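Report on the following structure.
The numbers here are math on the coordinates, done by the rules we state, and not lab data. Note that this is a predicted model, so its numbers are computed, not measured. Please note: Cβ atoms are built from the backbone with ideal geometry, for glycine as well, and neighbour counts cover all protein chains shown.
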Amino acid sequence: MSPTRFRVRACAKINLGLKIGPRRRDGFHELRTVFQTISLADRVELSLTPGRGVSLELAGRLAPTGQDNLAVRAAELAADAYGLRWHVGIRLEKRIPSGAGLGGGSSDAAAVLRALASACRTPPPQREQFAVASALGSDVPAFLLGGTVLGLGRGDEVYALADLSAWHCVLAMPRDHDGGGIATAEAFERWDQGLTAARHSDTLVEFCSLVEQVLPAFRTLRNRGRRLGPQGLTGPKVHAGIENDFESEVFSLSPDFSRIHRELRRASAAWVGLSGSGATQFGLFDRAGAAALVAARLARRYSSWRARMVSRHAYARGLQAW
Ligand code: C5P
């Protein structure tokens with residue numbers, strides 16, 4: 001077996017639009033979304049030694065320990081599914097806030113799966129890798145691909161889309177949600193409670209065609225080497241129809257959510273949205289300067305981060321054997 005040590009940059013994601021459909025027989029909701037990996041990332045190190053079992057060492061931000069950590073469960077499930085006879089030592093340096101809608105736990109799990117698959121003499125078939133990822137969580141398969149990814153089904157049916165340009169992202173959430181976060185299951189419960197039958201289906205049907213109209217504008221920017229004027233991309237209408245369905249529920253939790261939203265809009269972000277079921281909102285900017293200004297302003301009152309979008313190619317390079 002070689003190599004035996006891996007370093008993985010486990011990127012966070014944002015959701016470019018998210019539409020919720022009816023609850024399915026398996027208890028999950030039918031979804032339509034676009035995942036986008038960004039440069040805010042955890043660092044995952046794996047060391048494989050002969051034997052069995054999984055150990056976890058944590059550094060950085062607070063994260064679940066033992067079996068509650070999805071990276072540990074990923075190692076156990078993959079060891080089982082791929083018939084591995086290794087002890088998997090995981091060192092996880094946590095930088096992505098938990099319960100933030102940024103997919104940190106799912107990305108860590110996918111990082112473990114990617115490393116273990118590449119350590120196998122014969123890599124497990126893709127279908128098997130995606131089945132293991134899906135068994136761990138709805139968001140995990142998207143992190144096997146990275147870049148810009150269409151998510152269907154319960155979010156786990158994933159399709160690689162052409163990458164967008166490397167937009168600057170400003171992320172922010174109210175400070176009292178940083179560390180606490182919003183539980184996905186509860187967010188879906190709340191969605192069901194506020195639901196009238198007429199509210200789903202239509203938006204699901206429209207999502208793919210609307211996304212198809214919106215995303216090209218976010219690809220051209222740097223690819224064609226030209227800047228679009230302020231009216232070229234900006235403005236609230238650019239992604240009308242694919243806004244995150246969780247927004248109204250999340251915004252009702254605290255007036256700070258609307259304040260962050262307004263602040264990002266005022267700074268002329270080309271897209272302002274909520275990631276997953278919250279609590280993170282993001283703004284996309286074509287210029288670093290504008291992103292830096294609004295990030296600094298937001299940081300006075302809220303938890304705020306800056307990042308860039310990460311393409312599929314760059315994402316793949318984040319897995320290194322040594
Ligand atoms: O798949 P994951 O473990 O991330 O899901 C957490 C919870 O969120 C599920 O148990 C379910 O209650 C809810 N969920 C849902 N529909 C989805 C994804 C998640 O209802 N598409």
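How large is ³J(HN,Hα) for each residue in segment 36-43, as worked out from phi by the Karplus curve 6.51 cos²θ - 1.76 cosθ + 1.60 (θ = phi - 60°), to whole Hz, x for Gly and Pro?
Per residue, the Karplus-derived 3J(HN,Hα) values read 9, 6, 10, 7, 5, 8, 7, 10 Hz.
With a/c under 1.5 counting as rounded, go ahead and sort the chain into rounded, prolate or oblate using the C-alpha gyration tensor (a ≥ b ≥ c being the square roots of the eigenvalues; past the cut-off, prolate if a/b is larger than b/c, else oblate). Each step should come with its number before you reach the end.
Working: a/c = 1.62, a/b = 1.48, b/c = 1.10.
In terms of gyration-tensor shape, prolate.
Using the Cβ atoms and a cut-off under 12 Å, what net charge is assigned to the surroundings of Ala269, where Lys and Arg are +1 and Asp and Glu are -1?
Numbers: positive: Arg262, Arg265, Arg266, Arg287; negative: Glu263, Asp286.
Neighbourhood net charge equals +2.
What's the extension gain from Phe28 to Glu128 if we count 0.36 nm per residue and subtract their Cα-Cα distance? Don't skip to the end; give the middle numbers.
Details: separation 100, 0.36 × 100 = 36.00 nm, distance 2.12 nm.
My answer for the length gained is 33.9 nm.
Using a simple charge model, +1 on the beta-carbon of Lys and Arg, -1 on the beta-carbon of Asp and Glu, nothing else, what dipole does segment 101-213 show about its Cα centre, in debye to the nearest 20? Display every interim value, and only then the final one.
Details: 7 positive and 14 negative charges, 73 e Å.
About 360 debye.
Based on Cβ point charges of +1 for Lys and Arg and -1 for Asp and Glu, what charge dipole magnitude is obtained for the chain about its Cα centre, in debye rounded to the nearest 20? Please report the intermediate quantities before stating the final value.
Values: 42 positive and 30 negative charges, 277 e Å.
That gives the chain a dipole magnitude of about 1320 debye.
When you count, for each residue, the other Cβ atoms within 10 Å and take the mean per peptide, how do 298-306, 16-24, 247-255 rank with the highest first? Numbers along the way, then the final one.
Values: 298-306: 18.1, 16-24: 20.1, 247-255: 15.8.
The packing order, highest mean first, is 16-24, 298-306, 247-255.
Going by a ≥ b ≥ c, the root eigenvalues of the Cα gyration tensor, does segment 139-178 fall in the rounded group (a/c under 1.5), the prolate group (a/b larger than b/c) or the oblate group? Don't skip to the answer; put the middle values down first.
On the way: a/c = 3.19, a/b = 1.45, b/c = 2.20.
In terms of gyration-tensor shape, oblate.
Show me 85-95, 35-45, 145-155, 286-296 ranked by packing, highest mean number of other Cβ atoms within 10 Å first. Before the final figure, lay out the partial values.
Working: 85-95: 18.8, 35-45: 23.8, 145-155: 21.8, 286-296: 16.3.
Final packing ranking: 35-45, 145-155, 85-95, 286-296.
Of Thr4, Ser106, Ala79, which is farthest towards the positive pole of the chain's charge dipole, taken about the Cα centre with +1 and -1 on the beta-carbons of Lys, Arg and Asp, Glu respectively?
Thr4
In whole Hz and in residue order, list the ³J(HN,Hα) couplings for segment 166-176 that follow from phi through the Karplus curve 6.51 cos²θ - 1.76 cosθ + 1.60, θ = phi - 60°; x for Gly and Pro.
Going residue by residue, I get 7, 4, 7, 10, 10, 10, 7, 8, x, 4, 6 Hz, with x marking Gly and Pro.
With each run of n ≥ 4 DSSP H residues scored as -39500 (n - 2.57), what mean residue ellipticity at 222 nm is computed for the chain after dividing by its residue count and rounding to the nearest 500 deg cm²/dmol? Intermediate values should be presented prior to the final figure.
Working: 12 runs with 113 residues, N = 322.
My calculation for the chain gives -10000 deg cm²/dmol from helical runs alone.
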